[in-house]
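To start, the structure itself, in structure tokens.
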Amino acid sequence: MSSTTSTVASMRTGISDARRHRLLTVVAAVAATFAIWLIADPIAGIDLATGQDADHPTRTIGPVAVVLVTAIAGLAGWALVAFIEHRTARPRTVWIACATALLLLSFLGPLGAVTTGATIALLGMHLAAAAVLIPGLAYDSSPRRPATGGRGQPIPISHDRRRTCRPPARTSGGPAA
């Protein structure tokens, strides 16, 4: 009965369960990073600012920037998962590897924070977003169609070029002595 109710509700709203789950994942990531900003900036009084040299003027990270950047990152992650699902046979593994690599790369931004407290808070925001987005977007990640070799042909299981579909060539001399 529960699955029937869920299916009927999905048909009425036009959103599949997977899309609803992913949308809620992005919203949860936005809420998590905003909560960290709320604790760090107005409550703890940490000035979340980056850059302080002549080439990069100081920029304060405000609530709008936190919400927009997290939402954009979440939607980009969703698009990447959808792309991966159509291109690989193991999308969950590929997504987790890609997202982890991007998380590590994103750590370079907070390292330019003005204070140690700002660095810790910004790193916490990156970790919170990743802690929600990586498993949340991988939750229902399954191949949508078989991976192909470019022309709609399935990718061969064996990449050993010595194997062919033809039987081995016969020699004219008979059995070896």
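The values are calculated or read from the model by the stated rules, or taken from the named source; none is laboratory data. Predicted model only: the values in this text are computed from it and were never measured. Reconstructed Cβ throughout: ideal geometry from the backbone, glycine too, with neighbour counts over all protein chains shown. Accessible surface is based on the protein model in full, side chains and every heavy atom, while ligands, DNA and RNA are left aside. Shrake-Rupley method; radii C 1.70, N 1.55, O 1.52, S 1.80 Å.
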Taking segment 97-125 and keeping only residues that are open to solvent by 30 Å² or more (accessible area, probe 1.4 Å) and hydroxyl-bearing (Ser, Thr, Tyr), one is left with Thr100, Ser106, Thr115, Thr116
Notebook entry, point to check: Out of all the residues in segment 57-65, is one or more surrounded by fewer than 11 Cβ atoms within 10 Å (Cβ to Cβ) and at pLDDT 95 or above?
Noted result: yes
Within segment 87-96, restricting to residues that are part of a helix (DSSP H, G or I) and either in contact (Cβ under 8 Å) with a residue 40 or more places away in the chain or open to solvent by 60 Å² or more (accessible area, probe 1.4 Å) (or both), the one that is farthest from Ala129 (Cα to Cα) is Arg87
Q: For segment 143-166, state whether one or more residues are open to solvent by 40 Å² or more (accessible area, probe 1.4 Å) and modelled with pLDDT of 65 or more.
A: yes
For segment 28-43, pairs from a residue that is touching a residue at least 24 places away in the same chain (Cβ under 8 Å) and of a type in the set (Gly, Ala, Ser) to a residue that is open to solvent by less than 70 Å² (accessible area, probe 1.4 Å) and not in a helix (DSSP H, G or I), with Cβ under 7 Å and 6 or more apart or across chains, are Ala40/Ile46; Ala40/Leu48
(Q) When you check Val94 against the structure, is it more than 10 Å from the chain's Cα centre (by Cα) and of a type outside the set (S, T, N, Q), yes or no? (A) no
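Residue-by-condition table, conditions (1) open to solvent by less than 80 Å² (accessible area, probe 1.4 Å); (2) under 16 Å from Leu122 (Cβ atoms); (3) modelled with pLDDT under 95; (4) touching a strand residue (DSSP E or B) at 6+ places or on another chain (Cβ under 7 Å):
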residue: Thr7; (1), (2), (3), (4): yes, no, yes, no
residue: Thr13; (1), (2), (3), (4): no, no, yes, no
residue: Arg19; (1), (2), (3), (4): no, no, yes, no
residue: Arg22; (1), (2), (3), (4): yes, no, yes, no
residue: Thr25; (1), (2), (3), (4): yes, no, no, no
residue: Ala28; (1), (2), (3), (4): yes, no, no, no
residue: Thr33; (1), (2), (3), (4): yes, yes, no, no
Exactly one of Thr100, Thr171 is among the polar types (S, T, N, Q) and at pLDDT 95 or above, and that one is Thr100
**Asked** Restricting attention to segment 44-52, does a residue exist that is modelled with pLDDT of 95 or more, among the β-branched types (Val, Ile, Thr) and either open to solvent by less than 50 Å² (accessible area, probe 1.4 Å) or out of contact with any Leu (no Cβ under 6 Å at 6 or more places or on another chain) (or both)?
**Response** no
Pairing a residue in segment 108-122 that is under 17 Å from Ile43 (Cα atoms) with any residue that is open to solvent by 100 Å² or more (accessible area, probe 1.4 Å) and part of a helix (DSSP H, G or I), where Cβ atoms lie under 9 Å and the two sit 6 or more apart in sequence or on different chains, gives Thr119/Leu111; Ala121/Ile39; Leu122/Leu111
